[in-house]
Amino acid sequence: HMRVGGRRALWLSVSTDLKWDAERDLRDLHAPDQIPILPRGNATIPSGALTQRGGFGDGLLFATYSLLVSGANKGLKKNRKAADAEQDADNLMVKGSRLAQIRDWLAEGGQDVL
């Protein structure tokens with residue numbers, strides 16, 4: 001992706017421990033300088049706009065699945081029925097959710113966001 005002009009990418013994982021493996025994999029590809037992994041070191045992903053609050057520019061954003069869905073259940077009712085599953089998918093992209101935050105960061109980089 002980065003070799004053909006992409007500036008931002010998302011790497012999703014089950015565990016933050018695997019971030020170090022991702023960094024090693026990029027080093028093995030001789031790409032650590034061209035592709036910064038965000039957040040750097042042991043830092044966390046801040047809330048709000050990533051380019052403003054976190055100083056996140058271009059690079060590879062490493063996030064876990066649990067972080068991705070955090071904030072998505074704001075305003076959801078407890079004890080809902082299975083028929084509400086479609087609404088659950090819509091709630092993932094609510095303003096203030098991590099998914100919306102990451103989508104916005106990718107879009108700011110001129111990326112097509114799936």
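The values are calculated or read from the model by the stated rules, or taken from the named source; none is laboratory data. Just so we're clear, the structure is a prediction, and the values are computed from it rather than from any experiment. Neighbour counts are summed over all protein chains in view; Cβ atoms, including those assigned to glycine, are modelled from backbone coordinates with ideal geometry. The area values use the complete protein model at the heavy-atom level, side chains included, leaving out ligands, DNA and RNA. Shrake-Rupley method; radii C 1.70, N 1.55, O 1.52, S 1.80 Å.
Scanning the stretch 5-29 for residues being within 21 Å of residue 110 (Cβ to Cβ) and part of a loop (DSSP other than H, G, I, E, B) gives a total of 3. Every residue in the stretch 34-58 that is over 15 Å from residue 10 (Cα atoms), open to solvent by less than 40 Å² (accessible area, probe 1.4 Å) and touching a Lys or Arg at 6+ places or on another chain (Cβ under 9 Å), please. Within the stretch 34-58, 46 is the sole residue that qualifies. Tell me whether the stretch 94-112 contains one or more residues that are in a loop (DSSP other than H, G, I, E, B), modelled with pLDDT under 70 and closer than 20 Å to residue 4 by Cα. Yes; the residues of the stretch 94-112 include at least one that is in a loop (DSSP other than H, G, I, E, B), modelled with pLDDT under 70 and closer than 20 Å to residue 4 by Cα.
Kindly indicate whether residue 45 is β-branched (Val, Ile, Thr) and at pLDDT 80 or above.
Numbers: β-branched (Val, Ile, Thr): yes; at pLDDT 80 or above: yes.
Against the criterion (β-branched (Val, Ile, Thr) and at pLDDT 80 or above), residue 45 qualifies.
In the stretch 48-91, the qualifying residues are those that are more than 22 Å from residue 21 (Cβ to Cβ) and among the hydroxyl-bearing types (Ser, Thr, Tyr), and the one that is modelled with the lowest pLDDT is 70.
Each row is one residue, and each column tells you yes or no for (1) farther than 27 Å from residue 95 by Cβ; (2) among the hydrophobic types (A, V, I, L, M, F, W, C).
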| residue | (1), (2) |
| --- | --- |
| 16 | no, no |
| 24 | yes, no |
| 35 | yes, yes |
| 38 | no, yes |
| 44 | no, no |
| 47 | no, no |
| 56 | no, yes |
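Restricting attention to the stretch 30-39, the residues that are modelled with pLDDT of 80 or more and in a loop (DSSP other than H, G, I, E, B) total 2.
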